[in-house]
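Worksheet: the structure to be examined is printed underneath.
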Amino acid sequence: VQLQASGGGLVQAGGSARLSCVASGSISGINDMGWYRQAPGQQRELVAGISSGGTTNYADSVKGRFTISRDNAKNTVYLQMISLEPEDTAVYYCYADRYYATKYWGKGTQVTVSS
């Protein structure tokens, strides 16, 4: 499974951004998809996840500001981010779980929120 993320960049505080991640390759059996992020000096943390059936979960810090969605026909997961804060600055990594056994990672995409 290959994951290609796009979006992000430099955003002003209070602004919005949208991340996309397309899965390709051996995509059969992909279950959950979503996003983690890692800020400098911090551990990687789960931001949001979505099951193949559309069940979502979010980190408390992003609830009400971030929305994860998924287009199974396009093998794509999205992360819509609004009301961005400098604390959201991080490298964002998309992931896909296959057969609930293997987690695949995309290359990170930088999101920088300026104050």
Single condition Tyr92 does not satisfy, out of (1) in contact (Cβ under 8 Å) with a residue 12 or more places away in the chain; (2) more than 19 Å from Ala23 (Cβ to Cβ): (2)
Residue satisfying all of: in the stretch 82-115; buried (at least 19 other Cβ atoms within 10 Å of the Cβ) and among the small types (Gly, Ala, Ser); farthest from Ile27 (Cα to Cα) among these: Ala90
Options Tyr78, Tyr99: the member that is at pLDDT below 95 and over 20 Å from Pro40 (Cβ atoms): Tyr99
Residues satisfying the stated conditions in the stretch 9-24, i.e. closer than 16 Å to Tyr95 by Cβ and either within 14 Å of the chain's Cα centre (by Cα) or at pLDDT below 95 (or both): Leu19, Ser20, Cys21, Val22, Ala23
So Thr67, is it open to solvent by 50 Å² or more (accessible area, probe 1.4 Å) and within 16 Å of Gly7 (Cβ to Cβ): yes
Unmet requirement for Asp88, which otherwise passes all of (1) farther than 11 Å from Met33 by Cα; (2) touching a Ser or Thr at 6+ places or on another chain (Cβ under 6 Å): (2)
Some residue of the stretch 48-59 being in contact (Cβ under 8 Å) with a residue 24 or more places away in the chain, open to solvent by 50 Å² or more (accessible area, probe 1.4 Å) and of a type in the set (Ser, Thr, Tyr): no
Unmet requirement for Leu79, which otherwise passes all of (1) touching a helix residue (DSSP H, G or I) at 6+ places or on another chain (Cβ under 7 Å); (2) surrounded by 15 or more Cβ atoms within 10 Å (Cβ to Cβ): (1)
Complete set of residues in the stretch 1-37 that are under 15 Å from Lys103 (Cβ atoms) and open to solvent by 60 Å² or more (accessible area, probe 1.4 Å): Gln2, Ser26
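The values are calculated or read from the model by the stated rules, or taken from the named source; none is laboratory data. The structure displayed is predicted, hence computed values, not measured ones. Note that we place each Cβ from the backbone using ideal geometry, even for glycine, and neighbour counts take in every protein chain shown. Heads up: the accessible areas ignore ligands, DNA and RNA and are worked out on the full protein's heavy atoms, side chains in. Shrake-Rupley method; radii C 1.70, N 1.55, O 1.52, S 1.80 Å.
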